[in-house]
2 protein chains.
Amino acid sequence: MICMEPIGTIRSPYTETSQIPKGLGTVHEALGTIEVAPIFEAGLTDIEGFSHLFVLWVFDRATGFDLVGTPPADTRAHGVFATRSPRRPNPIGLTIVKLISREGCCLRVSGVDMLDGTPVLDIKPYLSSIPSNELRRGWLAEAEERNQVARERDERC
Amino acid sequence: MICMEPIGTIRSPYTETSQIPKGLGTVHEALGTIEVAPIFEAGLTDIEGFSHLFVLWVFDRATGFDLVGTPPADTRAHGVFATRSPRRPNPIGLTIVKLISREGCCLRVSGVDMLDGTPVLDIKPYLSSIPSNELRRGWLAEAEERNQVARERDERC
């Protein structure tokens with residue numbers, strides 16, 4: 001058993017899960033703030049140099065887990081480790097945010113998809129990307145393709 | 001306090017920290033296996049469709065943390081949240097691996113930089129990349145530049 005204490009809190013425009021954009025083609029551009037606890041402020045030294053950050057946080061309003069479930073982006077079920085479902089064996093969320101500015105222990109960021117008050121476990125610099133042409137995106141690419149075909153069919157009708 | 005139990009274990013060629021490649025320009029290509037506990041096997045359904053995965057794991061052989069420290073890639077100190085240091089307030093590691101194959105509850109992957117026996121907390125699909133031309137890489141880019149200048153000077157001597 002590994003026990004952790006939050007290092008800070010997310011301030012987000014979302015107070016309920018239903019407000020968070022979901023599903024195919026969703027782009028997360030919401031502004032928010034990562035409030036790091038003052039005792040950890042020194043840990044943010046030089047973070048301003050990075051354009052993007054990984055934020056590790058807790059799905060603190062999720063309870064229990066489903067090993068297989070249907071995500072908002074598809075009508076078919078997939079394994080939890082092949083989705084970003086909040087109902088995971090260990091309820092850790094991972095979001096890549098864009099760092100806009102830092103003021104003391106507060107990081108202003110865009111791209112939040114967490115609820116207001118979400119506990120933050122860790123922040124890491126985003127150092128490099130896998131080139132898009134090397135990525136395979138499994139069921140998500142298939143769901144996008146089915147969606148595209150359905151839209152084209154609807155447009156022809 | 002948030003408590004978690006590992007969902008699996010990393011099998012890696014590295015048994016000691018000193019064996020893991022570190023520093024500027026390091027490329028992680030080592031092969032390894034993520035052994036997911038059999039009770040979670042259904043959670044891997046459809047994971048084969050993804051080329052890359054995020055692995056969240058525990059720095060189980062690190063103790064304590066430093067808010068500021070000098071990473072292997074630089075001679076200057078930086079805040080822990082601006083580095084991948086194992087000595088973090090919450091000792092969670094994040095590695096992007098390439099998925100080679102799956103056999104039941106074992107995922108064969110490349111790109112491991114964890115020690116053999118490392119506990120795994122979560123696996124998530126890698127869905128998209130930030131384009132390289134949108135990334136700023138802070139102290140790491142500066143350290144690379146200083147290193148490059150030093151190498152060119154040495155070559156001229």
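The values are calculated or read from the model by the stated rules, or taken from the named source; none is laboratory data. Everything quoted here is computed from the prediction, not taken from an experiment. As a convention, Cβ positions derive from the backbone with ideal geometry for all residues, glycine included, and neighbour counts pool all protein chains shown.
Would you be able to tell me the number of residues in region B:25-47 that are surrounded by 14 or more Cβ atoms within 10 Å (Cβ to Cβ) and either of a type outside the set (Gly, Ala, Ser) or modelled with pLDDT under 95 (or both)?
Here is the first cut: in region B:25-47, the ones surrounded by 14 or more Cβ atoms within 10 Å (Cβ to Cβ) are B:28, B:30-37, B:40-47.
If we keep only those that are either of a type outside the set (Gly, Ala, Ser) or modelled with pLDDT under 95 (or both) as well, we get B:28, B:31, B:33-36, B:40-41, B:44-47.
So the answer is 12.
Please go through region B:1-24 and give me each residue that is loosely packed, with under 14 Cβ neighbours inside 10 Å and among the β-branched types (Val, Ile, Thr), ordered by number.
B:15, B:17
Pairs, please: C-beta under 7 Å, at least 6 apart or cross-chain, first residue within 14 Å of chain A (Cβ to nearest Cβ) and in region B:1-20, second part of a strand (DSSP E or B) and among the charged types (D, E, K, R)?
Partner pairs satisfying both residue conditions: B:7/B:122; B:8/B:35; B:9/B:35.
Working only within region A:1-52, note down all residues that are under 19 Å from residue B:79 (Cα atoms) and charged (D, E, K, R). Full working, then the answer.
Step one: list which residues in region A:1-52 are under 19 Å from residue B:79 (Cα atoms), which gives A:5-9, A:33-52.
Residues satisfying the conditions are A:5, A:35, A:41, A:46, A:48.
Can you give me the number of residues within region A:117-157 that are assigned to a loop (DSSP other than H, G, I, E, B) and not charged (D, E, K, R)? Give the steps one after another, and end with the answer.
Initially, region A:117-157 is screened for residues assigned to a loop (DSSP other than H, G, I, E, B), giving A:117-118, A:126-131, A:135-136, A:157.
Adding the requirement that they be not charged (D, E, K, R) leaves A:117-118, A:126-131, A:135, A:157.
Number satisfying all stated conditions: 10.
Residue B:31 versus (1) in contact with a helix residue (DSSP H, G or I) (Cβ under 6 Å, 6 or more places away or on another chain); (2) away from chain A (no Cβ under 11 Å); (3) of a type in the set (A, V, I, L, M): which is the lone unmet condition?
With (1) in contact with a helix residue (DSSP H, G or I) (Cβ under 6 Å, 6 or more places away or on another chain); (2) away from chain A (no Cβ under 11 Å); (3) of a type in the set (A, V, I, L, M) applied to residue B:31, the lone miss is (1).
Can you pull out every residue in region A:51-68 that is in contact with a strand residue (DSSP E or B) (Cβ under 7 Å, 6 or more places away or on another chain) and either over 9 Å from residue A:118 (Cβ atoms) or β-branched (Val, Ile, Thr) (or both)? Reasoning before the result, please.
Let us first name the residues in region A:51-68 that are in contact with a strand residue (DSSP E or B) (Cβ under 7 Å, 6 or more places away or on another chain), namely A:51-60, A:67-68.
Passing the criteria: A:51, A:52, A:53, A:54, A:55, A:56, A:58, A:67, A:68.
Specify the residue that is nearest to the other protein chains (Cβ to nearest Cβ); the eligible residues are those in region B:63-112 that are among the basic types (Lys, Arg) and within 27 Å of residue B:150 (Cβ to Cβ). Break it down into steps so the answer makes sense when it comes.
Pass one, region B:63-112, residues among the basic types (Lys, Arg): B:76, B:84, B:87-88, B:98, B:102, B:108.
Restricting the remaining residues to those that are within 27 Å of residue B:150 (Cβ to Cβ) gives B:76, B:84.
Numbers: B:76: 9, B:84: 6 Å.
Looking at the filtered set, the residue picked out is B:84.
Are there any pairs, at least 6 apart or on different chains, whose C-beta atoms fall under 6 Å, with the first in region B:69-95 and among the basic types (Lys, Arg) and the second modelled with pLDDT of 95 or more, and if so, which?
Sorted first by the residue in region B:69-95, then by its partner, the pairs are B:87/B:65; B:87/B:66; B:88/B:65; B:88/B:80.
Going residue by residue through region B:40-54, is there one that turns out to be over 24 Å from residue A:63 (Cβ atoms), under 13 Å from the mean Cα position of the chain (by Cα) and away from chain A (no Cβ under 11 Å)?
no
Report, by residue number, each residue of region B:120-137 that is more than 7 Å from chain A (Cβ to nearest Cβ) and under 16 Å from the mean Cα position of the chain (by Cα).
If the condition is that a residue be more than 7 Å from chain A (Cβ to nearest Cβ) and under 16 Å from the mean Cα position of the chain (by Cα), then B:120 is the only one that fits.
Residues in region A:138-147: is at least one touching a helix residue (DSSP H, G or I) at 6+ places or on another chain (Cβ under 7 Å) and facing chain B (nearest Cβ under 8 Å)? Explain how you work it out, then say what you get.
In the first step, residues of region A:138-147 are kept if they are touching a helix residue (DSSP H, G or I) at 6+ places or on another chain (Cβ under 7 Å); the result is A:138-139.
Add one more test, that the residue is facing chain B (nearest Cβ under 8 Å), and what stays is A:138-139.
Yes, there is a match, as at least one residue in region A:138-147 is touching a helix residue (DSSP H, G or I) at 6+ places or on another chain (Cβ under 7 Å) and facing chain B (nearest Cβ under 8 Å).
Can you tell me which residues in region A:90-116 are out of contact with any Lys or Arg (no Cβ under 8 Å at 6 or more places or on another chain) and in a loop (DSSP other than H, G, I, E, B)?
Those that are out of contact with any Lys or Arg (no Cβ under 8 Å at 6 or more places or on another chain) and in a loop (DSSP other than H, G, I, E, B): A:90, A:91, A:104, A:105, A:112, A:113, A:114.
So which residues in region B:44-89 are assigned to a strand (DSSP E or B), out of contact with any Phe, Trp or Tyr (no Cβ under 8 Å at 6 or more places or on another chain) and of a type in the set (Phe, Trp, Tyr), if there are any at all? Reasoning before the result, please.
Let us first name the residues in region B:44-89 that are assigned to a strand (DSSP E or B), namely B:50, B:52-58, B:68-69, B:78-79.
If we keep only those that are out of contact with any Phe, Trp or Tyr (no Cβ under 8 Å at 6 or more places or on another chain) as well, we get B:55-58, B:68-69, B:79.
Matches in region B:44-89: B:57 only.
Hey, residue B:33 hits all of (1) more than 18 Å from the chain's Cα centre (by Cα); (2) in contact (Cβ under 8 Å) with a residue 12 or more places away in the chain but one; which does it fall short on?
That leaves (1) as the condition not met.
Scanning region B:138-157 for residues that are out of contact with any Asp or Glu (no Cβ under 8 Å at 6 or more places or on another chain) and among the aliphatic types (A, V, I, L, M), which turns out farthest from residue A:100 (Cα to Cα)?
So, considering only residues that are out of contact with any Asp or Glu (no Cβ under 8 Å at 6 or more places or on another chain) and among the aliphatic types (A, V, I, L, M), the one farthest from residue A:100 (Cα to Cα) is B:150.
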